[in-house]
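Notes to accompany the following structure.
Read-outs: derived from the displayed coordinates by stated rules, not from any lab. Nothing here was measured: the structure is a model prediction, and the numbers come from that model.
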Amino acid sequence: MHTLRAIKWFLAIGWFVLLVLLLTACSFRDAPAVATDQTVHIPLGTTFLTPQSASSVFTVAWSPDGKRLALGYADGSVQVRNATTGKIDFTVQGHTGHVWAVAWSPDGKRLASASWDHTVQVWEAVTGASLLNYRGHTDLVLTVAWSPDGKRIASAGSDHTVQVWDATSGNLIYTYRGHSGTVEAIAWSPDGKRIASASFDQTVQVWDATDGADIWR
């Protein structure tokens, strides 16, 4: 009799412990994750800003300080917005063709835009005032990049050339002609001594940023 009572008591305690464990597990499963490092985790696909425009947006770039966004539109306009509120700082309509690429100067004070109208234009990044209009290309300009020191700009596109020019005066320094197809991407090395270019001719070429001499292709 005592043995049977002890077994019943043991089973009752066991079921109670199991119930507590199940409830605890459910609580941890449903509780929101808390990052111990206080990092805010944003779900993938979150939409922060949907600026309304009558024209397609072809390109976007963050300012170096992360506070602004530059946008290039199909109607030829360039726009700068506050990256947090979406408020428009300025809009400029300097191009007559699609704006395919925008790039901030390293110090964030200037903005370059490359267009299908064969030009690259440089803007003052606070007011949108036009600083210069580079007209060295003979076809669509698809990419633009500042040198790390902000003194030179490289631009390239459908004329198969990469042109390096002075970011203040707009004077051409040299033209690289190593590609046989459209050049759609260019990048300066961190020390500013080399440039890499990618082309529809199925090559990536690396060359001296001072004079355009081939390093490898």
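A cut-off of 5 Å between modelled amide H atoms, ignoring neighbours fewer than 5 places along the same chain, links G108 with no other residue. The amide H of S199, built 1.01 Å from its N in the peptide plane, has E184 as neighbours under 5 Å, considering only residues 5 or more places off or on other chains.
Backbone phi angles across segment 199-208, fed through the Karplus curve with coefficients 6.51, -1.76 and 1.60 (θ = phi - 60°), yield HN-Hα couplings of 9, 5, 7, 6, 10, 10, 10, 10, 8, 5 Hz in residue order; Gly and Pro are listed as x.
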